[in-house]
Amino acid sequence: MLRFAERISLIKPSATIAITDKANKLRKAGKKICVLAAGEPDFDTPDHIKKAAIHAINEGKTKYTAVDGTYELKEAIISKLKRDNDLQYEPDQICVGAGAKQVLFNLFMATVDYGDEIIIPAPYWVSYVDMVSLFGGIPVVIECIENFKLTPELLKQNITDKTKWLIINSPNNPSGTVYTYDELKNIAQVLLEYPHVNIVTDDIYEHIVYDIKFFTIAQVEPLLYDRVFVVNGVSKAYAMTGWRIGYIAGNRRAIEAISMLQSQSTSNPNSIAQAAAIEALNGDHSFLQERTRIFKSRRDFVVEQLSKAPWLSFSVPQGAFYMFISCEGLLGMQTKAGTVIYNDLDFTEYLLASHSVAVVPGTAFGMKDFIRISYAASYPQLEVGCNSVIRACQEVS
Ligand code: PLP
């Protein structure tokens, strides 16, 4: 029998995918399920981007490219980082991969050794902990109770000699919180005291913000420039999750190591998707405003609806397309069927089995007794989903 490598026991499948699979099984069995668990925009990739891909195919851009991305795409990324974030990079400081996920994976594979500590503020995106664990790193998870944000005090308390990375993700998946300029500046002041700590900032939701300006930490504190790795991509803003293009910018020696790893695994990211990403970054951006306006009005709708749900509590998210909702108020209560809800896993199970709505338990994001709702869904879906959640809450006692 094939024996697996020990490292495979260190990771688990993504909770978001697990819940979607469960919902799909129920659907196949004939049940109508409302899925509010999507981690991607429900919009289509804009036409001008699709056309750029078709043009690339017709032009024969169907061969291997440079492992770390075409020169033209790197130029587009450099212009983007200058234009939006006031950050200056050279082509050898950029590596393009198959999504932000792959470049993060490569970054940790290239830098994390056994016993290295990685500070991960919770709630966090599900993959950070698994990636870090896979390479022998120790995830130092900090539960951020106050507004779901890391404070300078909490950061300071958790830095040790072994700290290698701090991960910042703003706007945050799953909470939708966005760090202000001042909050990042205060975190940066702590980091300046600890030169051995490197920072990876996952800016993938940069363009999906409501009534707040986005900042990234290297822009706020230029003295951190050499220690900060900026991760971004085209998945969320441009509705291009399936195209698989993400990138990382930072210290050239580390970028060289990441590219080397990529050369021995996937080689270059898809050549046609790279051509499309150039158009996404350089082309017309007017649709972004309209899409953000739609996300914001959906957020307002869900906030209004769910404030009618007894026992639940939440704060209004300022970015991304998620709400992180506390279900602590109903723990210990009984459903109509007599089942006691002890935790967020029981609650999500109850929502799915008895009220046909799929959401993700907070435990998957490092904070129990919460659920994550995605509002990247149509109004009719959101209405059905919210009504089901409200009814589910009214029916416990
Ligand atoms: N980072 C965060 C916080 C995410 O939520 C996601 C996707 O859900 C990713 C990274 C991965 O993005 P990509 O599609 O570019 O791999």
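Where in the chain lies the longest segment free of trypsin sites (Lys or Arg not before Pro) that are both loop residues by DSSP (not H, G, I, E, B) and have at most 14 other Cβ atoms within 10 Å?
On the way: sites that count: Arg3, Lys31, Lys32, Lys63, Lys162, Lys213, Lys308, Lys336.
It works out to 64-161.
Please work out the FRET efficiency for the pair Glu59 and Asn282, using the Cβ-Cβ distance as r and a Förster radius of 25 Å; give the result to the nearest 0.05.
Numbers: r = 17 Å, r/R0 = 0.66.
For R0 = 25 Å, the calculated efficiency reads 0.90.
Where the only charges are on Cβ atoms (+1 Lys, Arg; -1 Asp, Glu), what is the dipole of segment 47-283 about its Cα centre, to the nearest 20 debye? Display every interim value, and only then the final one.
Details: 20 positive and 28 negative charges, 131 e Å.
Charge dipole, segment 47-283, about its Cα centre: 620 debye, nearest 20.
Return the distance in nm (one decimal) between the two label points of a simple spin-label model at Ser354 and Thr266, each offset 7 Å from Cα along Cα→Cβ.
Label-label distance for Ser354 and Thr266, simple model: 4.2 nm.
Could you work out [θ]222 nm for the chain from helices alone, using -39500 (n - 2.57) per DSSP H run of at least four and dividing by all its residues? Round to the nearest 500 deg cm²/dmol.
Details: 13 runs with 158 residues, N = 397.
That comes out to -12500 deg cm²/dmol.
Which angle between 0 and 90 degrees, to the nearest 10, do you get for helix 71-85 versus the longest principal axis of the chain when only C-alpha atoms count?
Rounded to the nearest ten degrees, it is 60.
What's the angle, to the nearest 10 degrees (0 to 90), between helix 100-111's Cα axis and the longest principal axis of the chain?
For 100-111 against the chain, the angle is about 60 degrees.
Compute a Gaussian network model of the chain, connecting alpha carbons closer than 10 Å, and tell me which residue from Ile138, Ile168, Ile294 fluctuates the most.
Ile294
Cα centroid distance between segment 129-145 and segment 162-239, in Å?
Using only Cα atoms to place each centre, the spacing works out to 17 Å.
Classify segment 104-262 as rounded, prolate or oblate from the Cα gyration tensor: take a ≥ b ≥ c as the square roots of its eigenvalues, call it rounded if a/c is under 1.5, otherwise prolate when a/b beats b/c and oblate if not. Write out the running numbers ahead of the final one.
Numbers: a/c = 1.35, a/b = 1.02, b/c = 1.33.
Rounded, because the longest to shortest axis ratio a/c is under 1.5.
Contour minus end-to-end for Ile17 and Ile294, with contour as 0.36 nm per residue of separation and end-to-end as the Cα-Cα distance?
Values: separation 277, 0.36 × 277 = 99.72 nm, distance 2.52 nm.
Gain in length upon complete extension: 97.2 nm.
Can you classify segment 1-127 as rounded, prolate or oblate using the Cα gyration tensor, where a ≥ b ≥ c are the square roots of its eigenvalues, rounded means a/c under 1.5, and otherwise it's prolate if a/b beats b/c and oblate if not? If you can, show how the numbers build up before the last one.
Numbers: a/c = 1.80, a/b = 1.23, b/c = 1.47.
Oblate, because a/c is 1.5 or more while a/b does not exceed b/c.
Which residues' amide hydrogens lie under 5 Å from the amide hydrogen of Tyr89, considering only partners 5 or more residues apart or on another chain, with H built in the peptide plane?
Answer set, sorted by chain and number: none.
Fewest Cβ neighbours within 10 Å first, please rank Phe287, Phe4, Phe314, Phe321 accordingly. Write out the running numbers ahead of the final one.
On the way: Phe287 17, Phe4 8, Phe314 20, Phe321 28.
Starting with the residue having the fewest Cβ neighbours, the order is Phe4, Phe287, Phe314, Phe321.
Return Trp311, Trp125 ranked ascending by Cβ neighbour count within 10 Å, so the fewest neighbours appear first. Mind showing how you got there, number by number?
Details: Trp311 17, Trp125 23.
So the residues, fewest neighbours to most, are Trp311, Trp125.
What does the net charge come to around Ala376 if you take all other residues with beta carbon closer than 14 Å to its beta carbon, with K and R at +1 and D and E at -1?
Details: positive: Lys236, Arg291, Lys296, Arg298, Arg299, Arg372; negative: Glu40, Asp42, Asp44.
Charge balance in the 14 Å sphere: +3.
What residue among Thr180, Thr62, Thr151 has the largest mean-square fluctuation in a Gaussian network model of the chain, using Cα springs under 10 Å?
Greatest mean-square fluctuation among the candidates belongs to Thr62.
Relative contact order of segment 47-283, please, whole-number percent, based on alpha carbon pairs below 8 angstrom and at least 6 residues apart. Intermediate values should be presented prior to the final figure.
On the way: 431 pairs, mean separation 72.0, N = 237.
Reported relative contact order: 30 percent.
FYI, it's all coordinate maths here, none of it is from the lab. It should be emphasised that the depicted structure is a prediction, and the values quoted were computed from it without experimental measurement. Backbone-built Cβ (ideal geometry, glycine too); neighbour counts: all protein chains shown.
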